[in-house]
1. Can you tell me the accessible area per residue over the chain, all protein chains present, probe 1.4 angstrom, in square angstrom?
2. Give, in whole angstrom and from largest to smallest, the semi-axes √(5λ) of the equivalent ellipsoid of the chain, with λ running over the eigenvalues of the Cα gyration tensor.
3. Taking the chain as a Gaussian network, Cα atoms linked when under 10 Å apart, which of F84, F29, F167 shows the biggest mean-square fluctuation?
4. At 222 nm, what value in deg cm²/dmol follows for the chain if DSSP H runs of at least 4 each add -39500 (n - 2.57) and the sum is divided by all its residues, to the nearest 500?
5. Could you check which residue among T202, T12, T229 shows the biggest mean-square fluctuation in a GNM of the chain with a 10 Å Cα cutoff?
6. Once you place label points 7 Å from the Cα toward the Cβ at S40 and F80, how far apart are they in nm?
7. Once neighbouring chains are kept in place and the probe is 1.4 Å, which whole percent of the accessible area of the chain is contributed by carbon and sulfur?
Amino acid sequence: MAGNFSDWAPYTNYVQAGLVDGRYANAGFTMLAAGPPRLSNIGGAAAIAGAVAGNGQAANQIVFPIGIVQNFNLSHTRQFSRIFEIGSERSYFIAGRTVGQIGLGRIYYHGASLLRILYAYYQDLLPPTLVPAMFPNAGAAAMANPHDVVIPPGYENIYVNLASDLFMQPVGMLMYVRDINLDTLAAVYFEACYMPNHSWATDAQGVLIQESVAVQFERAVPVAVSALTLISNATSSNAGGTNGTFPGIASS
């Protein structure tokens with residue numbers, strides 16, 4: 001393998017050093033989970049990093065797995081202003097704001113709908129509308145009854161009423177990525193997620209109900225988990241990295 005510019009040899013070497021055959025990431029080894037809106041609600045980034053370490057049992061009290069997802073996309077958009085000057089053909093760029101968005105698509109299967117799972121941590125036990133948490137969690141304990149829901153989002157498993165004031169409240173989302181050898185690659189927590197768009201669709205010839213949600217988040221917070229070290233030509237002989245396990249969050 002090359003790894004260095006001077007080692008470039010198109011007929012004999014790969015351009016990128018340190019890659020091991022068969023060790024790739026795919027959708028089957030990426031976990032998405034819903035949780036409280038801010039990492040500060042559960043002790044900060046260090047707390048979630050510690051929760052997903054080892055056997056991941058501590059994460060069971062923080063996030064709830066989002067299952068049956070067929071489509072996931074994450075995008076960031078940063079605006080730039082291009083400033084020209086009088087007297088030359090040159091220009092400058094002024095960086096603007098960054099906006100992040102997530103798209104989730106899946107079929108509806110027996111159980112909780114997508115909006116219901118995204119608000120799995122949320123708890124409002126005061127009338128007129130009761131919203132129980134789907135699992136005993138630290139977020140609900142730290143933010144007991146953050147809002148008295150007035151307009152019902154739905155009941156039990158099915159939440160489809162995006163006009164409910166419940167969806168004016170933020171939630172959070174964890175993305176946890178492994179390779180096919182179950183070595184941890186990265187984890188990111190998306191804070192203050194809101195859902196500006198939700199769809200629920202089927203047709204007369206279809207046998208499935210499809211649902212999708214657009215998610216806007218305030219910021220993406222990288223979580224420093226025990227992961228593979230940076231792979232370069234200097235570390236290509238030790239590309240195995242550290243095995244990080246996370247079975248607790250993935251259990252059904």
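The values are calculated or read from the model by the stated rules, or taken from the named source; none is laboratory data. Not measured: the values here are computed from a predicted model. Virtual Cβ from ideal backbone geometry, glycine too; neighbours counted across all protein chains shown. Accessible surface is based on the protein model in full, side chains and every heavy atom, while ligands, DNA and RNA are left aside. Shrake-Rupley method; radii C 1.70, N 1.55, O 1.52, S 1.80 Å.
1. On the way: 14200 Å² over 252 residues.
That works out to 56 Å² per residue.
2. Values: eigenvalues 271, 130, 77 Å².
Whole-Å semi-axes of the equivalent ellipsoid: 37, 26, 20.
3. Answer for the Gaussian network model of the chain: F84.
4. On the way: 4 runs with 22 residues, N = 252.
Result for the chain: -2000 deg cm²/dmol, rounded to the nearest 500.
5. Checking each option, the largest mean-square fluctuation is seen for T12.
6. 3.2
7. Values: 8050 of 14200 Å².
Accessible surface attributable to carbon and sulfur in the chain totals 57 percent.
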